[in-house]
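Trainee: Structure incoming, see below.
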Amino acid sequence: MTANVRQFYTELGIELPERDTANVPVRCFTNPGAHSHGDRTPSCSVNTADGTFYCHGCGDHGGAYDAAIFADRTPGEAMGMLKRHDFPVKDSAAWDTARNGRAAKSQSEPEAASDPGEAVEIKFMSPAELRASVPEEPPWIVHGYIADGAMTILAGKPKAGKSTFSLALIDAIANRASNYFGHAINGGPVVYVSEEGAATLSHKAGGGDIRFATRDSAWPRPDWETLITAAVREAKRVSARLIAVDTFAAWAGLGPESEKDAGAIQRAMEPLVQATRTGLAVLLVVHTRKGGGEDGEGIRGSSALAGAADIILELDRVQGAPPRQRKLLSLSRYPQTPGVLVIEHDATTGAWSVIGEGADRGDAREITDRAALMAALDHDETLTRQELEQAMGSPERQWHTTIERLIETGAVIKTGAGKKGDPYRYKKPLTDSAQPPAQNPRRNGNSAGFEDAAQPPLRVQHQNQHSPETFRPSRCAASNPGAETDSLAVDADAEFERIAAKFGDNER
């Protein structure tokens with residue numbers, strides 16, 4: 001049976017001219033933006049016998065299946081078209097292997113039902129089979145936050161730092177950094193669609209494998225489906241792992257009423273969902289409502305937007321915290337995603353650092369207070385409550401519970417009686433490396449040194465530090481061959497005996 005190539009391409013919206021030759025010319029349909037004037041003079045040719053195509057301008061080529069993928073059909077739809085037009089389906093190469101260089105999928109693409117009433121095979125699985133069908137963890141790009149084949153939504157109020165944060169994250173992925181804010185990265189190329197113009201975006205953009213589309217380069221403004229189709233095509237062309245769109249409101253073109261329409265949102269999300277089904281990760285930047293909300297309810301518009309996501313991240317300010325600190329709240333289908341991360345932006349370097357990590361949004365305030373308390377106490381002296389309030393810039397009632405927990409865990413020491421003339425004082429405990437060195441009797445020359453006001457009596461020093469044996473240089477020389485000579489050890493032993501005798505035999 002001969003494949004009906006002309007009908008196949010007509011269904012794709014590509015009319016093949018009537019020519020007697022085997023290869024007929026058409027305008028490039030894979031990457032028209034790479035050609036002058038939209039490839040006004042056709043650079044692509046299609047073989048009318050087998051459906052293969054080749055573009056002499058940009059070099060794109062492939063079979064009928066590839067043509068369908070480039071024409072924005074899903075893998076299932078492409079397979080259905082091949083069957084309808086009598087192509088040998090078993091010989092069709094998978095797009096991911098032929099075009100993207102990725103590993104072949106473990107199983108062949110499912111065939112879609114192309115005709116009404118055609119039987120669809122639905123497989124029901126036991127819990128064990130269900131667990132066995134997926135890996136224990138998704139293939140993370142940024143551990144806990146962005147994964148192949150998953151959609152992540154980053155939400156926040158205007159000027160909350162969404163674009164700054166997302167661009168820094170994308171830069172780390174594109175430059176294949178080992179980690180970002182303490183989370184492992186398995187990076188690769190990124191396609192980034194930004195609402196900013198080149199003038200403001202250029203000084204923010206770092207290096208790495210990033211393909212930018214700005215409001216200047218996408219003009220006249222394309223409709224949403226055309227934009228996402230072009231982004232997916234570019235991602236496939238450069239073997240990108242992630243598509244990022246900033247922001248949904250700026251590019252989707254939905255009015256206030258349409259944003260609240262679940263049907264309109266679902267239709268808008270469908271191209272992104274289709275992109276994830278090809279294995280791409282998607283990061284979509286959106287706005288939150290003025291009133292906020294929890295568990296995804298703060299996202300502006302219909303709840304269908306949150307429903308389409310696998311991971312929802314909300315970037316927000318931390319009340320009472322330094323102005324450059326933010327809390328990253330998470331709602332995820334995956335247990336590996338932290339509940340809350342408190343981070344801080346360095347305007348000089350552009351980097352984000354981690355202040356602390358917690359289980360849920362209620363931990364954000366405590367994480368910030370804990371970090372501020374430990375920073376205020378990062379000195380040798382002790383601080384009173386009033387001095388801590390001044391250092392923290394906030395009243396004790398705000399961080400009282402936090403410092404009490406730090407005291408319980410031993411991270412902070414509280415002294416004093418908490419009354420006039422003897423207020424509570426707070427300090428960090430000394431680490432082993434910060435402890436004063438034990439006094440060696442040999443170095444003091446005579447017993448008077450131990451009765452000085454600055455030194456405790458020998459008895460107390462032994463009880464608090466070490467046994468008398470510790471201070472005998474002959475013992476030290478035995479454990480450290482490079483220490484003192486035997487003659488020096490004998491002299492020191494004699495000195496030790498003289499000092500010990502003064503304070504009684506019980507010191508021995």
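The values are calculated or read from the model by the stated rules, or taken from the named source; none is laboratory data. Keep in mind that this is a model prediction, so the values were computed, not measured. Positions of Cβ are backbone-derived with ideal geometry, glycine not excepted, and every protein chain shown enters the neighbour counts. Calculation scope for accessible area: heavy atoms of the full protein, side chains included, ligands and nucleic acids excluded. Shrake-Rupley method; radii C 1.70, N 1.55, O 1.52, S 1.80 Å.
Trainee: Please give me, ordered by residue number, the trypsin sites (Lys or Arg not before Pro) of the stretch 135-229 that lie in loop per DSSP and have at most 10 other Cβ atoms within 10 Å.
Mentor: 159
Trainee: Full-extension gain between residue 217 and residue 374, please, as 0.36 nm times their residue separation minus the C-alpha to C-alpha distance.
Mentor: 51.7 nm
Trainee: Based on the Cβ-Cβ distance of residue 420 and residue 317, what FRET efficiency does E = 1/(1 + (r/R0)^6) give at R0 = 51 Å, to the nearest 0.05?
Mentor: Plugging the Cβ-Cβ distance into 1/(1 + (r/R0)^6) gives 0.85.
Trainee: On to the next question. Net charge near residue 200: determine it from the other residues with C-beta under 13 Å of the C-beta of residue 200, scoring Lys and Arg +1 and Asp and Glu -1.
Mentor: Local charge sum for residue 200: -2.
Trainee: Ok, one more. Okay, which of the stretch 210-246 sit inside 20 Å, backbone N to the point 7 Å along the Cα-Cβ direction of residue 202?
Mentor: Only 210-220 pass the distance filter.
Trainee: Sticking with this one: Could you give the length gained on full extension between residue 353 and residue 18, defined as 0.36 nm per residue of separation minus the Cα-Cα distance, in nm?
Mentor: 114.3 nm
Trainee: Nearest 0.05, what FRET efficiency do residue 303 and residue 226 give at R0 = 30 Å with Cβ-Cβ as r?
Mentor: E between residue 303 and residue 226, to the nearest 0.05, is 0.70.
Trainee: Now, a different point. Taking the Cα centre of the stretch 233-349 as origin, work out the dipole magnitude from +1 charges on Lys and Arg Cβ and -1 charges on Asp and Glu Cβ, in debye rounded to 20.
Mentor: 320 debye
Trainee: Can you list which of the GluC sites (Glu not before Pro) found in the stretch 315-400 are DSSP loop residues with at most 13 other C-beta atoms within 10 Å?
Mentor: Counting only loop positions with at most 13 other Cβ atoms within 10 Å, the GluC sites (Glu not before Pro) in the stretch 315-400 are 381.
Trainee: Each label point is 7 Å from the Cα along the Cα-to-Cβ direction; what then is the distance between the points at residue 159 and residue 176, in nm?
Mentor: Here the answer is 4.0 nm between the modelled labels.
Trainee: Let me ask something else about it. What part of the accessible area of the stretch 151-285, given as a whole %, is carbon or sulfur when the probe is 1.4 angstrom?
Mentor: 51 percent
Trainee: A further question on this structure: What number, in nm² with one decimal, is the all-direction average of the projected area of the convex hull of the alpha-carbon atoms of the stretch 289-398?
Mentor: That works out to 8.9 nm².
Trainee: For the stretch 167-286, take the alpha-carbon Rg, divide it by the Kirkwood Rh, and send me Rg/Rh.
Mentor: My calculation puts Rg/Rh at 0.97.
Trainee: Taking 0.36 nm per residue of separation and subtracting the Cα-Cα distance, what length does fully extending residue 34 through residue 411 add?
Mentor: Roughly 129.7 nm would be gained on extension.
Trainee: Write down the accessible area per residue of the stretch 229-277 in Å², having rolled a 1.4 Å probe over the full set of protein chains.
Mentor: Per residue, the stretch 229-277 has 39 Å² of solvent-accessible surface.
Trainee: Could I ask something else about it? Which value, in Å² rounded to 10, gives the accessible area of residue 352 with a 1.4 Å probe and all protein chains present?
Mentor: About 20 Å², ignoring ligands and nucleic acids.
Trainee: For the stretch 153-211, what are the per-bin percents of Cα-Cα distances with bins 10 Å wide, up to the bin holding the maximum?
Mentor: All Cα pairs considered, the percentages come to 21, 53, 25, 1.
Trainee: Something else: Which loop-located trypsin sites (Lys or Arg not before Pro) does the stretch 274-360 contain, where loop means any DSSP state but H, G, I, E or B and the Cβ has at most 14 other Cβ atoms within 10 Å?
Mentor: 289, 290, 324, 333
Trainee: What does the accessible area per residue of the stretch 144-202 come to in Å², with a 1.4 Å probe and no ligands, DNA or RNA counted?
Mentor: Heavy-atom accessible area per residue stands at 30 Å².
Trainee: Same structure, new question: If the label point is 7 Å along Cα→Cβ of residue 250, which residues in the stretch 200-217 have backbone nitrogen under 12 Å from it?
Mentor: Counting only backbone N, you get 200-202, 213-217.
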